[in-house]
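Everything on this sheet refers to the single structure shown next.
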Amino acid sequence: MENASKALIIATSVLISIVIISAFILMMSNLTDYQMKSNKEAADQQTTEFNNQYDTYNRKDIRGSDMISLMSRVVDYNTRKTAEGYTEMGIEVTIDGSTRKKLTYDKTNRLILKDSYTQDTISEIVGQPSSISSEISTGEIGRIQNKYQSKYASQLVAQISNIESIINDGNLNSNTKKEEEFNSKKWLPKEASYYGGIDEIFDDTLIYYEYVQFKRAYFDCKDVEYDRNTGRIINMKFECTGIGV
């Protein structure tokens, strides 16, 4: 009888232990499921927030100035985030030959020479800002902005036809007279000779004109690619469709 009582106690203890262990396993399983669900929800939220930054460009009639900002943003993202394990983003912009000529003053491209550019080659057009807010410091545009200052470079573009008229004016039969006429307009804070002469100024203006036209041009988003694992946007393709006003 005593042995039977002990056996019953042992059996009861084992049963209680099994119940406790089972409850613990169930609790841990539920906790793991909850944690996994929370992690997935957080990852999905991060993906949504990330994609929202770029979905705004998934449309037609995007200005070239916005394309420059987008590419600068992507360069900055690729520099910072790919080190954390995220897939590098890519942006591709195509500009066919006939459209490129429309960006120029005289149908001769001096700045935009290729049919396509990516976030890594856009610097060939706009220089090389190191981040979204940095000033342009390299390339032809950086050179021109450093030489004249941005506001005066833009003013030269606004007067490009008048500068051409001075250069081609037969009554101004010497460079000295042409530069005197140019200087009288006060388009620059210093005389033409300081910048290399009126011909050099005009050449720089032709290049900067193309840059200004690129910023005014329209682009359509043609394709968006998503990462199969994370759902994040990893590639966007755009096509230049024309010049804005």
Considering each of LYS177, LYS190, LYS237, LYS186 in turn, give the residue that is closer than 30 Å to THR48 by Cβ and either part of a strand (DSSP E or B) or outside the structural domain of THR48 (by TED's automatic domain parsing) (or both). LYS237
In the list ILE112, ILE91, ILE95, ILE68, which residue meets the criterion of being among the hydrophobic types (A, V, I, L, M, F, W, C), over 14 Å from PHE238 (Cα atoms) and crowded, with 16+ Cβ neighbours inside 10 Å? ILE112
State all residues of segment 153-208 that are among the aromatic types (Phe, Trp, Tyr) and either touching a Leu at 6+ places or on another chain (Cβ under 7 Å) or surrounded by 13 or more Cβ atoms within 10 Å (Cβ to Cβ) (or both); if no residue qualifies, say none. PHE182, TRP187, TYR195, PHE202, TYR208
Could you list all residues from segment 66-106 that are of a type in the set (A, V, I, L, M, F, W, C) and part of a helix (DSSP H, G or I)? MET67, ILE68, LEU70, MET71, VAL74, VAL75, ALA83
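Table: residues versus (1) in contact (Cβ under 8 Å) with a residue 40 or more places away in the chain; (2) touching a Lys or Arg at 6+ places or on another chain (Cβ under 9 Å).
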{"site": "LEU111", "(1), (2)": "yes, no"}
{"site": "ASP120", "(1), (2)": "yes, no"}
{"site": "ILE144", "(1), (2)": "yes, no"}
{"site": "ALA153", "(1), (2)": "yes, yes"}
{"site": "VAL157", "(1), (2)": "yes, no"}
{"site": "ASN171", "(1), (2)": "no, yes"}
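Residue by residue, here is whether (1) under 17 Å from MET71 (Cα atoms); (2) modelled with pLDDT of 95 or more; (3) touching a Gly at 6+ places or on another chain (Cβ under 8 Å) holds:
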residue	(1), (2), (3)
THR138	yes, no, yes
ALA153	no, yes, no
LEU156	no, yes, no
ASN175	no, no, yes
GLU191	no, yes, no
THR205	no, yes, no
LYS222	yes, yes, no
On the basis of being closer than 30 Å to GLY127 by Cα and in contact with a Pro (Cβ under 8 Å, 6 or more places away or on another chain), does TYR152 make the cut? yes
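The values are calculated or read from the model by the stated rules, or taken from the named source; none is laboratory data. Computed from a prediction, not measured in an experiment: that's the story for all the values here. Positions of Cβ are backbone-derived with ideal geometry, glycine not excepted, and every protein chain shown enters the neighbour counts.
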